[in-house]
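Below: the structure, in structure tokens.
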Amino acid sequence: MKRLVLPVILAAGLGLSACASLAPYGAQAGPNGQGYSEQRIESNRYRVTYNGVGAPGPVADYALLRAAELTTSQGYDWFEVTQRWTDGRPDSAGGVRPSVGVSYGGGRYSSPYGRYSSSGVGLGVGLNFSGPSPTSTSLEVVMGRGAKPDRPEAYDARGVRDALGRF
């Protein structure tokens, strides 16, 4: 019976972590749903947001992909990210994450029967069964035509679309 306890706990944790995951790429279906949304600020400036669940990396990639699609659909060649906001913890992917702690303690004491010393070592193992948490990335982008500027936050829209469009 004791042999079944750990596999059952691990299976339950994996099941819980799989309940919420990043939805397929697409438009946001509702105010609390996953997906992209955009807001036009000026004729060539947009705020693109992607709301998802899990690790911030894939959510940020989806935001870049949407910015690239929007850029090409508006007839522009490149976009530059002028501001970027990410909301989510680096470990927001959730799942079963083991942790190990080791501690040492010791002491001396006296009693009517003599002096004694003691020491001990403790080992603890913890499992975190939390599921993925909400994550979002918002980008403010400016779009342009012609050659892409030689700046680190400037992207060739077709190149980004081709690289990230295979999710």
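Nothing in this text is a laboratory measurement; each read-out follows from the coordinates by a stated rule. Computed from a predicted model, the values in this text were never measured in an experiment. Ideal geometry is used to build each Cβ from the backbone, glycine not excepted, and the neighbour counts take in all protein chains shown.
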(request) Would you mind putting 21-32, 57-68 in packing order, based on average other-beta-carbon counts within 10 Å, highest first? (result) 57-68, 21-32
(message) Which residues does the label zone of ASP87 cover in region 36-50, counting backbone N under 15 Å from a point 7 Å along Cα→Cβ?
(response) 36-39, 48-50
